[in-house]
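A short write-up of the structure that comes next.
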Amino acid sequence: MTQKMTGKQWLALAGIAVAAFVFNSSEFMPVGLLTDIGKTFGTNEATTGMLVSVYAWAVMLLSVPLMIIATRLDFRRLLLVVIVVFLVGQVLTSLSTSYWMLMAARMVVACAHSVFWAIAAPIAVRLVPKNKRALALSVVETGTAVAAIVGLPLGRAIGLAVGWRLTFAIVAVISALLLVYLLITLPWVPGAEPFSIGQLPGLFQNKGLVALFILTALYAWGYYTGYSYIEPFLLQVAGLENDVVTLVLSVFGVASIIGSVLCSKLYPRFRFPFFRAITIGVPAALLLMHAAAGLGLVAILGVVVLWGISAASVSVVYQAEIINVSSDEEETVAMAFFSGIFNFGIGTGALLGGQVVNALGIASVFYAGGIIGVVSILFCLAVAVGRLKRYSVK
């Protein structure tokens, strides 16, 4: 029997989506402000890009240990604590007076991030009837997509107008408002089953999860080799003006919302064909970006639309597949591994992108990401889909 969502469920789910918007905006704001932050502290693009890499590596290292500790709390209290830590990190970021102080402040935010992305999807699916799980995940992903439309470009615009510090101060204010909203709307949500370090080896006996972890690492590595340097690429290679770069980033976000909507409609009906198609879409966009830069704005926007639709869908589908192949006991720690591995890909990609920029020039950075993306496609087609079919438990 198909169940409908209540108004209370929608309000709570909206709060999770807004939280996803805020967290995602904060994570990638340095991408849109690399040039401005670099000017403030006298650092080059590769050094400034390390803010993205080190943040991602911190999330990678902290996700599983913090999530194992956090399984002792119910999800409502845990989410509220995470937002408080996140808020403190944003305040410290806005007050940073040196590159290293900024890096330390970002580590505080990374602690909150490490737990948030391990619990966001499990909370969302627990808030709604079982037949609405794909919709719930798509709503959360819409928050992420809106961050690309509003958060990152608006943060960039504010940073260019009045300085990057005020951008993060505004994030802190929004976080405080979000905390109040969730205190009112989020019901008690039971936490995960307790999980100990001794159970970790058993997690890797799940071949479906292992395949997803490998695919996620390859996908994120290729993706962020290019994406971490999209702002200077568009400025220097495509020759776009600052306001046009902001427009391109906004179009990316609009495409991401389209991807979220398509995912909620197509993934439940065409699970594995859709899985294959979206995994192919991002590497294709990476490999086409340099050629598009030479053809003009319309071509760039076409590639960005393909990229945004595919990337948003991947985020929803990979998380849904983690849930599909995990037991209830494994679910949140598996999501923590997913978040950590994804951030390993982000950090490694940003680092590799910086090395490519230094060695070969920024014009080559999307080709480097695209080549890694091709490896993810081959692994997806040869290994991952077969294992997901075989090891799904839900």
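According to the Cα-based calculation, Rg over Rh for the range 59-110 is 1.06, with Rh computed by the Kirkwood formula. The three principal axes of the C-alpha atoms in the range 331-394 carry coordinate ranges of 47, 26, 10 Å, sorted with the longest axis first. Taking all protein chains as they are arranged and a probe of 1.4 Å, the heavy atoms of Leu249 leave approximately 10 Å² accessible to solvent.
Taking Cα pairs under 8 Å and at least six residues apart, what relative contact order does the chain come out at, in percent?
28
Calculated mean residue ellipticity at 222 nm for the chain: -27500 deg cm²/dmol, from DSSP H runs with n ≥ 4 weighted as -39500 (n - 2.57), summed, divided by the residue count and rounded to 500.
Taking Met60, Met5 and ordering them by how much accessible surface each has at a 1.4 Å probe, largest first, produces Met60, Met5. The Cα atoms of the range 294-376 give a gyration tensor whose axes a ≥ b ≥ c have a/c of 1.5 or more with a/b no greater than b/c, which makes the shape oblate.
Note on the chain: GNM, Cα springs under 10 Å; of Ala104, Ala172, Ala121, the largest mean-square fluctuation is that of Ala104. Translational diffusion of the range 250-325 was estimated from the Stokes-Einstein equation, with Rh taken as the Kirkwood radius over Cα pairs; at 4 °C and 1.567 mPa s the coefficient is 103 µm²/s. The Cα atoms of the range 125-186 give a gyration tensor whose axes a ≥ b ≥ c have a/c of 1.5 or more with a/b no greater than b/c, which makes the shape oblate.
Could you do me a favour and compute the accessible area per residue for the chain, 1.4 Å probe, result in Å²? Intermediate values should be presented prior to the final figure.
Values: 14820 Å² over 394 residues.
Roughly 38 Å² per residue, with all protein chains present.
Shown here: Rg/Rh (Cα atoms, Kirkwood Rh), derived from the displayed model; of the candidates (i) 0.98; (ii) 1.05; (iii) 0.94, it corresponds to (iii). Here's the picture: charge each Lys and Arg Cβ at +1 and each Asp and Glu Cβ at -1 in the chain, and of Ser94, Leu127, Ala58 the one pushed furthest to the positive end of that dipole is Leu127.
The accessible surface of the range 1-155, taken with every protein chain in place and a 1.4 Å probe, is 70 percent carbon and sulfur.
Just to be sure I understand: with springs between alpha-carbon atoms less than 10 Å apart, which residue in Leu78, Leu295, Leu351 has the highest mean-square fluctuation in the Gaussian network model of the chain? Judging by the Gaussian network model, the answer is Leu295. Of all complete DSSP H helices in the chain, those with a Cα span along the helix axis of 18 Å or greater and a mean Kyte-Doolittle hydropathy of 0.0 or more are 7-32, 45-70, 75-94, 99-127, 133-146, 164-185, 207-227, 242-266, 271-295, 297-325, 331-360, 365-379. Counting 0.36 nm for each residue step from Ser327 to Phe270 and taking away their Cα separation leaves a gain of 18.2 nm. Comparing Arg269, Arg106, Arg165 in a Gaussian network model of the chain where C-alpha atoms under 10 Å apart are linked, the largest mean-square fluctuation is found at Arg269. Taking the Cα centre of the range 45-173 as origin and assigning +1 to Lys and Arg Cβ atoms and -1 to Asp and Glu Cβ atoms, the resulting dipole is close to 440 debye. When only the Cβ of Lys, Arg, Asp and Glu is charged (+1, +1, -1, -1), the dipole of the chain relative to its Cα centre reaches about 1080 debye. Shown for the chain: lysine pairs separated by 8 or more places, or found on different chains, whose C-alpha atoms are under 12 Å apart, numbering 5.
Accessible surface for Ser94 stands near 20 Å², nearest 10, in the context of the full protein assembly shown (1.4 Å probe). A Cα-only calculation for the range 12-117 places Rg and Dmax at 14.4, 44 Å. Simple point charges give the picture: +1 on the Cβ of Lys and Arg, -1 on the Cβ of Asp and Glu, and for the range 204-325 a dipole about the Cα centre of about 620 debye. The modelled label-to-label distance for the pair Arg126/Val162, using points 7 Å beyond Cα in the direction of Cβ, is 3.8 nm.
If the viscosity is 0.692 mPa s and the temperature 37 °C, what Stokes-Einstein diffusion coefficient in µm²/s follows for the range 175-302 when Rh is the Kirkwood radius over Cα pairs? Please report the intermediate quantities before stating the final value.
On the way: Rh = 18.6 Å.
Stokes-Einstein gives a translational diffusion coefficient of 176 µm²/s.
Rg and Dmax, both from the Cα atoms of the range 1-68 and both in Å, are 18.2, 61. Within the chain, the longest run free of exposed loop sites, counting chymotrypsin sites (Phe, Trp or Tyr not before Pro) that sit outside DSSP helix and strand states (H, G, I, E, B) and have at most 15 other Cβ atoms within 10 Å, spans 1-187.
The values are calculated or read from the model by the stated rules, or taken from the named source; none is laboratory data. The shown structure was predicted, so the numbers you read here are calculated from the model rather than taken from an experiment. Backbone-built Cβ (ideal geometry, glycine too); neighbour counts: all protein chains shown. Just so you know, the surface numbers come from the protein's heavy atoms only, side chains and all, with ligands and any DNA or RNA stripped out. Shrake-Rupley method; radii C 1.70, N 1.55, O 1.52, S 1.80 Å.
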